[in-house]
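Since the structure comes first, as C-alpha cells, the remarks are kept for the end.
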Amino acid sequence: MKKIVIVVDTQADFMNPDGALAVGGADALAGPMGAWLGALRPDDTAAVLFTFDTHFADTYPLSEEAKEFPIHCVRETAGWHNVLDAAQIDPAIPTWRLEKGVFAMWQEEGLTVEPMGGGAPIDRDIFFSDLKASGVEEAIVIGVAADYCVRWAIDGLVERGFRVTVPQALTRGIARPIEQVIAEDFAGRDVALG
C-alpha cells in the first residue's frame, strides 16, 4: 500500500537558527530529514508534497498571524526557500509543492498543488481525492512546527480519511512537541508517532 509524504514548511525562516521565526532545534533536522527522504522507495511512496508558508510584506501586517508572529517566509526571499533538496528523493517518486498563506494547508480556497519538475497544477482538493481514489490510505507528516502547521496538516488529512504517522525525530514544535500535540489534539483519532 502506497503512502503520501507531506513535508511541512521546511523553510529557512523556520529551520535556520537565524531565521525570522526559528523553531528551536529545527536546524538539527535538516540532515536526518534529507536522509529519510532519500531512503523513500517508489514502490511504497505515491508522492512527496512540500508545503511552503508564503507571505507578502504588504499584506502580512493585516493578517491574524501577525498578531502572534513576526513577518516570515516572504515569498522569494532567502527565508522563504526550502532548506531541503527535493533532488535527494528518488526521481521515480513524484514531488509536488503547495504554497499556503495560513497555518492550515486546507483553509484557503482555490489552492493548487504544483509538480516540482514542471507541469500543470492540480486543485488541492482534487489532488487528495485522487490519491484516496487510487488506494492511498496513509500519510506520513514531517516538518515544522509541530503545534501549528504540522498539527493542521494532520487534522485535514484525518478529516479526509487518511491514517497519519508522524516520525517523532523529524518534527519540532514551538510551544508543544509532537507527542503532546498528538496526545492532546488527536486522542482517539487515527494518528500515531513513528
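Here, each number is a calculation from the coordinates, and none is a lab measurement. Computed from a predicted structure; not experimentally measured. With ideal geometry, Cβ positions are generated from the backbone for all residues, glycine too; neighbour counts draw on all protein chains shown.
Most exposed first by the Cβ proxy, i.e. fewest other Cβ within 10 Å, how do M1, M33 rank? Could the numbers behind the result be given before it?
Working: M1 9, M33 23.
Ranking M1, M33 by Cβ neighbours within 10 Å, fewest first, gives M1, M33.
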- Message: Apply the Karplus curve 6.51 cos²θ - 1.76 cosθ + 1.60, θ = phi - 60°, to the phi angles in region 123-131 and return the couplings in whole Hz, x for Gly and Pro.
- Response: 3, 3, 5, 5, 3, 6, 5, 5, 4
- Note on the structure: Cross-link reach from K100 to aspartates and glutamates, straight Cα distance under 12 Å and at least 8 residues apart if same chain, gives D9, D53, E108, E109
- Message: Straight-line reach only, C-alpha to C-alpha below 17 angstrom: list the lysines that K2 could link to, leaving out same-chain residues fewer than 8 apart.
- Response: K132
- How many angstrom lie between the C-alpha centres of region 1-41 and region 162-194? 15
- Note on the structure: Residues whose built amide H sits under 5 Å from the amide H of L193, excluding neighbours closer than 5 in sequence, are V166
- Message: Just to confirm my numbers, what's the Cα centroid distance between region 68-90 and region 117-139 in Å?
- Response: 22
- Rg and Dmax of region 35-134 over Cα atoms: what are they, in angstrom? 15.2, 45
